[in-house]
Amino acid sequence: MKKNCFHYSMVMIFTLILSQSPSFTFGQNKFVLESLYHNFTQFSEIYQGERIYLHVDKTLYQPGETIWFRAYLLQNSDMNNSELSDLFHVELKDEQGTIIKSLKMLNNPSGMAGDIALEPSLPNGRYFIEAYTKWQLNEKDAEPFRKEIVVRQMVKPAFYFSHTPDKELYFPGDLYKTKIRIYDSLRNPVKITGGFAELKMDNEIIKTIGITPQSENEASIKFGLPPGLSGMQLTLDVSVHHKEGVESVPLRIPFTGASLSIRFFPEGGDLVNDLTGRVAFTATTNNQIPVDVSGYISDNKGNKVTDFNTFHKGNGIFSFTPHRGNNYQAIVTEPASLAGSHPLPEALKMGFTLQTNNSGKGEIEFTVHSTHGEEAIIVGVMHDKIRISKPVSLSKGKNVFKLHCDSLPMGVTQFTLFDHLGVPQ
């Protein structure tokens, strides 16, 4: 069966900045490519890497239950079993990054089975399972395996509550809005006549809010969180009045007082003056919780260049053209509690920007904008092995060329542009 490029989950592009070196003829390609193959082989033998993956039995647990998992420790180069580490670490953390439980496990080529017993008193909420080896911590920008789970006490009540907050995560000073609905055990609507709610931080009452009935079984709650709010656990204890009495339920508010961090990833590795480029970014709190943000890009004179916003769990993308003599900042305007300035990477004076598109015809299309002409070689690497290579002659301005990807195995292919000396750019 013919394979096409839709098999690939991602194509990664490395920096494309070429020095002002003399051009070369592609008769030299054989020597350059032989050197590259030798260097990659030597690198994969010396600098071996590994990754860990955990498969859990489910993602929703009750306090007192046990998380059952199976772990796999694999080599980066070929995804076979890794023998670099004898031990690996598994940790259960809450949303604030506090370690609830930690395990040390022995590596086993056939896979490792383990479990984490949850305490019966564990509060409802979101938790994260992280796994890593000490070897992975040697890698630059190492990221452990991370899996989100939910812990919630399941009790069959006489009445059922539902609530729909307007955000997935709240910060100090945010406006909190939610709608409360109540049903009996047969799921029939129950009329709400009134009530109140107590906002608590770590079980201490901060304020009391009235509940406003809106329809037969629906009421609204709306209030502002205090700007200087800090603590670990924010809850809203709701008491709803109806014709048969009063029903109370604690609602956990997903809250963090952490600061905002934005990481920028120019496509091709760098921004280049006077060349339009795409920039991906991810916004998280300093304890790695994704945050949806919006704002605009500004130059150092205060001029607005373009808008930006996230589209899914703190991830977004925007395009713009940097110019000489300017520095650029991302100005976050929403959420208001996280408003501030975040510097973009400095643009280079000369170089290239690279964009890729999947043609759907067994080809990858590359668009290169360059500040000058250059002869180069583009190399595709997967699992530390060269899988594909192509000499390219780049002229000043826009260049478009294609690579056939039918021969590539499934996975992530990383493309790098090399100069005539075989130096990655």
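The values are calculated or read from the model by the stated rules, or taken from the named source; none is laboratory data. Since the structure is predicted, the reported quantities are computational estimates derived from the model, not experimental observations. As a convention, Cβ positions derive from the backbone with ideal geometry for all residues, glycine included, and neighbour counts pool all protein chains shown. All accessible areas refer to the heavy atoms of the entire protein, side chains included, with ligands and DNA or RNA removed. Shrake-Rupley method; radii C 1.70, N 1.55, O 1.52, S 1.80 Å.
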Q) What is the log10 of I(q)/I(0) for the stretch 255-384, computed with the Debye formula using one identical point scatterer on each Cα and no solvent, at q = 0.15 Å⁻¹? A) -0.80
Q | Rounded to the nearest 20 debye, dipole of the chain from Cβ charges on Lys, Arg, Asp, Glu | A | 780 debye
Q.
Check which residues have an amide H placed less than 5 Å from Ile180's amide H, if you skip close sequence neighbours.
A. Ala219, Ser220, Ile221
Q. Nearest 20 debye, what's the magnitude of the dipole of the stretch 230-388 about its Cα centre given +1 on Lys and Arg Cβ and -1 on Asp and Glu Cβ?
A. 80 debye
**Q.** Length-normalised contact order for the stretch 121-229 - Cα pairs under 8 Å, 6+ apart - percent
**A.** 22 percent
Q. Measuring with a 1.4 Å probe in the full set of protein chains, what accessible area per residue, in whole Å², belongs to the chain?
A. 52 Å²
(Q) I'd like to know which of Thr133, Gly362, Gly194 lies farthest towards the positive end of the charge dipole of the chain, counting +1 on Cβ of Lys and Arg and -1 on Cβ of Asp and Glu. (A) Gly362
**Q.** With Cα atoms, 0 to 90° folded angle of helix 29-46 axis to the chain main axis
**A.** 40 degrees
(Q) Can you compute 3J(HN,Hα) from phi for each residue in the stretch 240-251, using the Karplus curve 6.51 cos²θ - 1.76 cosθ + 1.60 with θ = phi - 60°, rounded to whole Hz and x for Gly and Pro? (A) 10, 8, 9, 5, 9, x, 10, 10, 10, 8, x, 10
Q) What translational D, rounded to a whole number of µm²/s, comes out for the stretch 222-296 from Stokes-Einstein when the hydrodynamic radius is the Kirkwood one over Cα pairs, at 37 °C and 0.692 mPa s? A) 197 µm²/s
**Q.** Peptides ranked, highest mean first, by Cβ atoms within 10 Å: ranges 260-269, 244-253
**A.** 260-269, 244-253
Q | Test item: Cα-centred dipole of the stretch 121-259, Lys/Arg +1 and Asp/Glu -1 on Cβ, debye | A | 220 debye
Q.
Among Ser121, Asn107, Ile149, which residue has its Cα furthest toward the positive end of the charge dipole of the stretch 65-155, with +1 on Lys/Arg Cβ and -1 on Asp/Glu Cβ?
A. Ser121
Q | For the stretch 302-307, 3J(HN,Hα) per residue [Karplus equation, 6.51 cos²θ - 1.76 cosθ + 1.60, θ = phi - 60°, Hz, x = Gly/Pro] | A | x, 7, 6, 9, 6, 8
Q: Specify which residue in the list Phe320, Phe265, Ala330 is farthest towards the positive end of the charge dipole of the stretch 175-334, using unit charges on the beta carbon of Lys, Arg (+1) and Asp, Glu (-1), about the Cα centre.
A: Phe320
Q | Residues of type lysines that Lys385 reaches as a straight line, Cα spacing below 23 Å, ignoring anything fewer than 8 places off in the same chain | A | Lys2, Lys3, Lys30, Lys140, Lys402
**Q.** Shape category assigned to the stretch 144-267 from the gyration tensor of Cα positions, a/c cut at 1.5
**A.** prolate
Q) Between Gln288 and residues 5 or more places away or on another chain, which pairs have amide H atoms under 5 Å apart, with H built 1.01 Å from N, and which residues are they? A) none
Q | Amide H partners (placed H, <5 Å) of Asp270, local residues excluded | A | Leu16
Q | the stretch 376-384 - phi-based ³J(HN,Hα) in whole Hz, Karplus 6.51/-1.76/1.60, Gly and Pro as x | A | 8, 10, 9, 10, x, 10, 9, 6, 6
Q | Lys396-Asn203 pseudo-label distance in nm [points 7 Å out on the Cα-to-Cβ vector] | A | 7.2 nm
Q | Cα shape, the stretch 380-425, gyration tensor, a/c 1.5 rule | A | oblate
Q) Can you work out the base-10 log of I(q)/I(0) for the chain at q = 0.08, 0.14 1/Å, using the Debye formula on its C-alpha atoms alone? A) -0.64, -1.32
Q. Roughly how many percent of the accessible protein surface of the chain is carbon and sulfur, given a 1.4 Å probe and a whole-percent answer?
A. 51 percent
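Hey, could you get me the Stokes-Einstein D for the stretch 206-255, Kirkwood radius over alpha-carbon pairs, 20 °C and 1.002 mPa s, rounded to whole µm² s⁻¹?
On the way: Rh = 12.7 Å.
Answer, rounded: 169 µm²/s.
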